[in-house]
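What follows draws every value from the coordinates through simple rules; no lab data is involved. Please read these numbers as outputs of a predicted model, since none were measured by experiment. In this analysis, Cβ positions are derived from the backbone assuming ideal geometry, glycine residues included, and neighbour counts consider all displayed protein chains.
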Amino acid sequence: MFAQSEELTDQLLRESYISSFDDAERDYFLYLPNGYDENSDKKWPVILFLHGNGERGNGKDELDYVKHHGPLYEAWVQKRDLPFIIITPQLHMMGQDTVGLDYITNRKFEDIPRRLKNGTPERTFFPTDGPMRSVPIATPAQTDDLYKKFASNGWNLVADDVKSILLSVHENHNTDADRVILSGISYGGVGTWQVGSFFPELFAALNPIVGFGHPDLVESIAEYNLPVWCFAGGRDFAVDKSHFYAGLNKLESLTQAPVRFTVHEDMGHDTWKRVYAADDIYSWMLNQKRAEQ
């Protein structure tokens, strides 16, 4: 349905903003889909994508790292005809380059996936180790401790930036403000819950992948009846699926909107690669519309 094509008229733009986090000018990627210029009267649905920990950067010469994963990778690098405007900001480093994370300190510009003149690069997945397994639901204390890690240097600290970027795109481009999907992976999956909780009025639905929602975040999401489709990996040892249930169960008890939870038991932390490579998630996104309040 959302097939690869060599005949796309899509565009990848860089837009600037001033971050409220550090008062610095930063850029974000804005993807305009195939047919955008040819259909000047059309209002396009929006995917606002929040990346994971390994793609952080200064929002300038390091911005290309956000091309590694997500809907932007699918649309721009894999040349898939995704009918969305895609907004992809970059999270500040916040000291994560000083704590010995190999996937940040050893990353290289030459490894950033590029859009090829002909064809597309081969997809790769993380190796998965160990058997598939069942696990008990994490205790509240265990979930609290893991959430504090994400909240200490995560997307919650730049939520105002994310909001202002979205509003700017609405003002300057042909968006359908009633059809904005917030989606993210890992740190950005948790960020999807955070930003969605802070500004539920802006979104039609949430799509967090390998990032759990703390129970304290779900009440405003329920108040605005935001549908959620959340994903986890059964072999994910970075963000274990056991931490997802408390928030999802609380949300389900408070909302009339559908709450979906899909666990890819055979996948590890990069479960998002399979999710975004398939058609199902984009078909679901296209069917979402902001509920009237």
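Pairs of alpha-carbon atoms within less than 8 angstrom and 6+ residues apart define the contacts here; what relative contact order does the chain have, in percent?
For the chain, the relative contact order is 18 percent.
Fewest first, what order do Met267, Met132, Met93 take by the number of other Cβ atoms within 10 Å?
Met132, Met93, Met267
Please compute the net charge surrounding Glu74, taking Lys and Arg as +1 and Asp and Glu as -1 over other residues with Cβ under 11 Å from its Cβ.
Working: positive: Lys67, Lys79, Arg80, Arg123, Lys273; negative: Asp81, Asp279.
Cβ neighbours under 11 Å give a net charge of +3.
What share of the DSSP beta bridges in the chain is antiparallel, in percent to the nearest 5?
Counting only bridges with both partners in the chain, antiparallel ones make up about 35 percent.
I'd like the FRET efficiency for Asp61 and Glu171, computed as 1/(1 + (r/R0)^6) with the beta carbon distance as r and R0 of 45 Å, rounded to 0.05. Intermediate results must be reported in sequence, preceding the final value.
Numbers: r = 27 Å, r/R0 = 0.60.
My answer for the efficiency is 0.95.
Please arrange Ser134, Ser152, Ser183 by how many other C-beta atoms lie within 10 Å of their C-beta, fewest to most.
Going from least to most buried by this count: Ser134, Ser152, Ser183.
Suppose every Lys and Arg Cβ carries +1 and every Asp and Glu Cβ carries -1, with no other charges. What dipole size does segment 11-286 come out with about its Cα centre, to the nearest 20 debye?
Here segment 11-286 has a charge dipole of around 580 debye.
Based on alpha-carbon centroids, what's the gap between segment 31-72 and segment 173-213 in Å, whole number please?
So the separation of the two Cα centres works out to 14 Å.
So what is the calculated 222 nm ellipticity per residue for the chain, using -39500 (n - 2.57) for each DSSP H run with n of 4 or more, over all residues, to the nearest 500 deg cm²/dmol?
My calculation for the chain gives -7000 deg cm²/dmol from helical runs alone.
Putting +1 on Lys and Arg Cβ atoms and -1 on Asp and Glu Cβ atoms, find which of Phe2, Ala204, Trp44 reaches farthest to the positive end of the dipole of the chain.
Value: Phe2.
Would you mind telling me which residue in Glu171, Glu223, Glu62 has the biggest mean-square fluctuation in a Gaussian network model of the chain, where springs connect alpha carbons within a distance under 10 angstrom?
Glu171
Could you sort the peptides 236-246, 209-219 by per-residue average Cβ neighbour count (10 Å cutoff), highest mean leading?
Numbers: 236-246: 19.7, 209-219: 23.5.
Packing proxy ranking, top to bottom: 209-219, 236-246.
Under a Cβ-Cβ cut-off of 11 Å, what is the net charge of the residues other than Leu248 that fall near it, where Lys and Arg count +1 and Asp and Glu count -1?
Local net charge: +2.
Just to confirm a number: summing +1 for Lys and Arg and -1 for Asp and Glu over residues other than Tyr187 whose beta-carbon lies under 13 angstrom from that of Tyr187, what do you get?
For residues surrounding Tyr187, the net value is +1.
What area, in nm² and to one decimal, does the C-alpha convex hull of segment 11-286 cast on average over all directions?
Value for segment 11-286: 14.4 nm².
I want to check the label-to-label distance for Thr262 and Trp284. Put each point 7 Å from Cα in the C-beta direction and report it in nm to one decimal.
In this crude spin-label approximation the distance works out to 0.5 nm.
Expressed as a fraction of 2.2 N^0.38 Å, the rule-of-thumb size for a compact globular protein of N residues, what is the C-alpha radius of gyration of segment 234-293?
The reported ratio for this selection is 1.33.
To make sure I understand, if each residue's beta carbon is the centre and we count other beta carbons within 10 Å, what order do Leu226, Leu248, Leu286 fall in, fewest to most?
The order, fewest Cβ neighbours first, is Leu286, Leu248, Leu226.
Mind checking which aspartates and glutamates have their C-alpha under 19 Å from Lys42, skipping anything on the same chain fewer than 8 residues away?
Asp10, Asp81, Glu171, Asp176, Asp178
When all C-alpha to C-alpha distances in segment 43-179 are sorted into bins of 5 Å, what percent of pairs does each bin hold, rounded to whole numbers?
For segment 43-179, the binned pair fractions read 2, 8, 14, 16, 18, 17, 14, 8, 3, 1, 0 percent.
Past 22 Å, Cα to Cα, is the threshold; run Lys148/Lys250; Lys67/Lys108; Lys108/Lys241; Lys79/Lys273 against it and keep the listed order.
Too far apart for the 22 Å limit: Lys108/Lys241.
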